[in-house]
Amino acid sequence: MTLPFTIRPARTADVPAIKSLVAPLAEERILIAKETVAYYEGLPEFRIAESDGGEVLGCGALHIIWEDLAEVRTLATSPAARGHGVGHALVEELLEEARAFGVSRVFCLTFEVDFFRRHGFEVMADQSAVDPQTYSELLRSHDEGIAEFLDLARVKPNTLGNTRMIRQL
């Protein structure tokens, strides 16, 4: 049985719901919790899965990293929505947005390897996903997700032990 829901851009009023979706997953060290201001700053990247009754069932964000590279991040669903296609719909929406931006590769850092495999992602064997010139440019980013993608030593103490996966669009 699937729940009726729609996917829409996030609004400022959704930030408390996003935080409450992420909080239990952060406690389990599946996702990294962010400061509230970071959710507001990244709000244009977020999509919300909303029930017909207006309940936020899930969220996910697409973060553009480079000309041809983006990250699916902060993908979370409520416990009641798991197994009802909400996460799948969010990932498909984010991949469609990546295509619209002209991105040809999307990566994620995840514990849900089988879930992302069903969406065409593959485990990254190494960092050859970016050429040396792009790598040197990405080193200038202050974004922790990019640092984890590049496997930089400075994020090792915070690394959750997740798997890097990538998909060609």
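The values are calculated or read from the model by the stated rules, or taken from the named source; none is laboratory data. Remember, predicted model here, so these are calculated numbers, not experimental data. Ideal geometry is used to build each Cβ from the backbone, glycine not excepted, and the neighbour counts take in all protein chains shown. What goes into the accessible areas is simple: the full protein's heavy atoms, side chains included, and nothing from ligands, DNA or RNA. Shrake-Rupley method; radii C 1.70, N 1.55, O 1.52, S 1.80 Å.
Could we say that Leu109 is in contact with a helix residue (DSSP H, G or I) (Cβ under 9 Å, 6 or more places away or on another chain), under 22 Å from Arg47 (Cβ atoms) and at pLDDT 90 or above here? For Leu109, the condition - in contact with a helix residue (DSSP H, G or I) (Cβ under 9 Å, 6 or more places away or on another chain), under 22 Å from Arg47 (Cβ atoms) and at pLDDT 90 or above - is not met.
Apart from one condition, Ser78 fits all of (1) surrounded by 15 or more Cβ atoms within 10 Å (Cβ to Cβ); (2) at pLDDT 95 or above; (3) within 13 Å of the chain's Cα centre (by Cα); (4) closer than 24 Å to Asp14 by Cα; the exception is (3). Which numbered condition in (1) modelled with pLDDT of 95 or more; (2) in contact with a Pro (Cβ under 8 Å, 6 or more places away or on another chain); (3) not aromatic (Phe, Trp, Tyr) is the only one that Asp52 fails? In the conditions (1) modelled with pLDDT of 95 or more; (2) in contact with a Pro (Cβ under 8 Å, 6 or more places away or on another chain); (3) not aromatic (Phe, Trp, Tyr), Asp52 misses (1) alone. Within the range 96-112, does at least one residue satisfy the condition of being under 16 Å from Val22 (Cα atoms) and aromatic (Phe, Trp, Tyr)? Yes: one or more hits.
Picking from residues in the range 35-56 that are in a strand (DSSP E or B) and open to solvent by 10 Å² or more (accessible area, probe 1.4 Å), the one that is nearest to His119 (Cα to Cα) is Arg47. Scanning the range 1-16 for residues that are more than 16 Å from the chain's Cα centre (by Cα) and at pLDDT 95 or above, we see that the one that is most open to solvent (accessible area, probe 1.4 Å) is Arg11.
Close contacts from the range 100-115, counting a first residue that is closer than 17 Å to Gln168 by Cβ and a second that is surrounded by fewer than 16 Cβ atoms within 10 Å (Cβ to Cβ) and small (Gly, Ala, Ser), with Cβ to Cβ under 9 Å and a gap of 6+ residues or different chains, come to none at all. Looking only at the range 20-33, residues that are farther than 12 Å from Thr77 by Cβ and surrounded by 17 or more Cβ atoms within 10 Å (Cβ to Cβ) come to 1 in all.
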